[in-house]
Amino acid sequence: MEQIINKIGFFINSPFHYYLYENTINKLLEKGYECDLIINDYLLYDPEWKNMYDSNVEFIEGINREDIEAYPCSLLVMNKIRYVCLVSPYYFDQLSTISVYNIRMVYGAGYGLEKESFNFSYWNTFYDTILNYGKYDYERTNIFNSGVIVGNPKFDKWFNNEFDVKSIKDELKIDPSKKTILYAPTYGVHSSIDEWKEQLIQINKEYNIIVKLHHGTAHLSSESIRKDKILSNFNIVRDDKTNTLELFKVSDLVISDTSGLIYDALLAQKKIVILNTNKSNRYRDLNNEAKLLRKVVPSWEKECNIHENVQNILNESPSKNPDIESLLGDLFAFKDGLSSKRAADAIIQTFENPKRNQYREDLKRMLKL
């Protein structure tokens, strides 16, 4: 017999997802709602992803809080347990069997320069509510009024100045006499580490270079060579157990490639540079977000003088760029530190005041979602 429990679940593949949910979970708990983390333990049976699962479990076990529990997804499926509401970052096959109402919490304005087609794909039809950052993603995922613009809940701590800069610098062992660069490459063939490693090594002694490993590079067996390149050449390396916003807080410049982290760096008002690669160059004219971003963010070719370029951009005085402000206005509706409250309210509204959406139900049936 199926059992429905009156709690809100948060589907989690990696610590990256926990940081996405954390502020919203806190708001829901404040309002008296019980929340659980639902671990995607099906990763355990895939050799490529098993290390990510193990790391995720280790991270969850180390979370210092007693107000939430964590359960494996397979346990819910086996025992026919469904949560009244489940929040997830994108579609998984198991979602329909473990929840009554499903909510998508968008992560990354486009999830990455080459992945817009994934982020805004047909499976968004599955969700009863989609929590959008702003106009840009709302216009691309709002299916028969399923979208709600809430802003970026992950950034509430940022806008409310809740990070302790000194403790972050102490933990990272930052040299205060040097400027700090955060290098955050994506994973797989789009990663810039393959083509840019030597240039980055050139400036490694001159600056504090923090390398933030993509969770794919940190854990996938197919990424072991790229991971080794980073670990053997850079001293300050962090994986997905570290909140990226902490690293933004102590960085003077953010360098990336096609990672969706670039949009977070924009919202954090960091100086940013895109490293072009042979692979990413193919997307310049094919992807709307890539074209938008390269209008406002400098991108460098491999032949550039990296010493000179880094020095020049770090010496530039901060100034308002109308094009960046316009892009940010499209991507992120709010910068008030209240996005997690809006997200929590939208989640509660979904299951406490459900609305029949026949058009979306018909579309779900046609798509077999």
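Bridging of Lys364 to lysines at a Cα separation below 26 Å is possible for Lys7, Lys80, Lys115, Lys135, Lys355, once same-chain residues fewer than 8 apart are set aside. Against the criterion of solvent-accessible heavy-atom surface with a 1.4 angstrom probe, Lys295, Lys227 sort, most first, into Lys295, Lys227.
Heavy-atom accessible area for Tyr90, with the other protein chains in place and a 1.4 Å probe, reaches approximately 40 Å².
Take the chain, mark every one of the GluC sites (Glu not before Pro) that falls in a DSSP loop and has at most 16 other Cβ within 10 Å, then report the longest stretch left between them, sites excluded. With GluC sites (Glu not before Pro) excluded where exposed in loops, the chain gives 67-161 as its longest stretch. Amide H to amide H, with H built 1.01 Å from N, Ile5 comes under 5 Å of Arg82, Tyr83, Val84, counting only residues 5 or more places away or on other chains. Each of Asn51, Asn152, Leu367 was scored by the projection of its Cα onto the charge dipole of the chain, and the greatest displacement toward the positive side belongs to Leu367; charges sit on the C-beta of Lys, Arg, Asp and Glu. Proximity of backbone amide H atoms, modeled 1.01 Å from N, is registered between Asn243 and no other residue at under 5 Å, excluding neighbours fewer than 5 places apart on the same chain.
Listed by chain and number, the lysines whose C-alpha is less than 25 Å from the C-alpha of Lys166, apart from same-chain residues fewer than 8 away, are Lys154, Lys157, Lys178, Lys179, Lys205, Lys212, Lys241, Lys249, Lys270, Lys271, Lys335.
Amide H to amide H, with H built 1.01 Å from N, Ile272 comes under 5 Å of Val254, counting only residues 5 or more places away or on other chains. Let me know the shape class of the range 70-229, please: from the alpha-carbon gyration tensor, a ≥ b ≥ c as square roots of the eigenvalues, rounded when a/c is under 1.5, otherwise prolate if a/b is greater than b/c, or oblate. Cα axes put the range 70-229 in the prolate bin. With all protein chains in place and ligands, DNA and RNA left out, the 1.4 Å accessible area ranks Asp323, Asp156, Asp175 as Asp323, Asp175, Asp156, largest first.
First check a/c for the range 56-128, with a ≥ b ≥ c the square roots of the eigenvalues of its C-alpha gyration tensor; if it is under 1.5, answer rounded, and if not, answer prolate when a/b is larger than b/c or oblate otherwise. It comes out oblate by the Cα gyration axes. Ligands, DNA and RNA aside, Arg226 has an accessible area near 40 Å² when probed at 1.4 Å. With both labels modelled 7 Å from their Cα along Cα-to-Cβ, the Asn160 to Glu139 distance reads 3.2 nm.
Take the alpha carbon gyration tensor of the range 170-315, find the square roots of its eigenvalues, order them as a ≥ b ≥ c, and report rounded if a/c is under 1.5; if not, report prolate when a/b exceeds b/c, else oblate. Mind showing how you got there, number by number?
Details: a/c = 1.36, a/b = 1.13, b/c = 1.20.
It is rounded, given that a/c, with a ≥ b ≥ c, falls under 1.5.
What is the log10 of I(q)/I(0) for the chain, computed with the Debye formula using one identical point scatterer on each Cα and no solvent, at q = 0.06, 0.12, 0.14 Å⁻¹? With no solvent term, the Cα-only Debye profile gives -0.23, -0.93, -1.27. Each of Met52, Met366 has its accessible area taken with a 1.4 Å probe; listed largest first, they run Met366, Met52. Loop-resident chymotrypsin sites (Phe, Trp or Tyr not before Pro) (DSSP state other than H, G, I, E or B) in the range 121-161 with no more than 14 further Cβ atoms inside 10 Å of their Cβ: Phe144. Ignoring aspartates and glutamates fewer than eight residues from Lys31 along the same chain, the ones with Cα atoms less than 14 angstrom from its Cα are Asp67, Asp345, Glu352.
If we sort 74-81, 332-339, 252-259 on the protection proxy, mean other Cβ atoms within 10 Å, highest first, what's the order? It would help to have the intermediate numbers written out before the result.
Numbers: 74-81: 14.0, 332-339: 18.9, 252-259: 24.1.
Descending mean neighbour count gives 252-259, 332-339, 74-81.
Across all Cα pairs in the range 164-206, the calculated P(r) in 10 Å bins from zero up to the longest distance comes to 23, 41, 30, 7 percent per bin.
The values are calculated or read from the model by the stated rules, or taken from the named source; none is laboratory data. Just so you know, these numbers come straight off a predicted model, no measurement behind them. Counting neighbours? That spans all protein chains shown, and the Cβs are built from the backbone with ideal geometry, glycine included. Please note that ligands, DNA and RNA were not included when accessible areas were found on the heavy atoms of the full protein model with its side chains. Shrake-Rupley method; radii C 1.70, N 1.55, O 1.52, S 1.80 Å.
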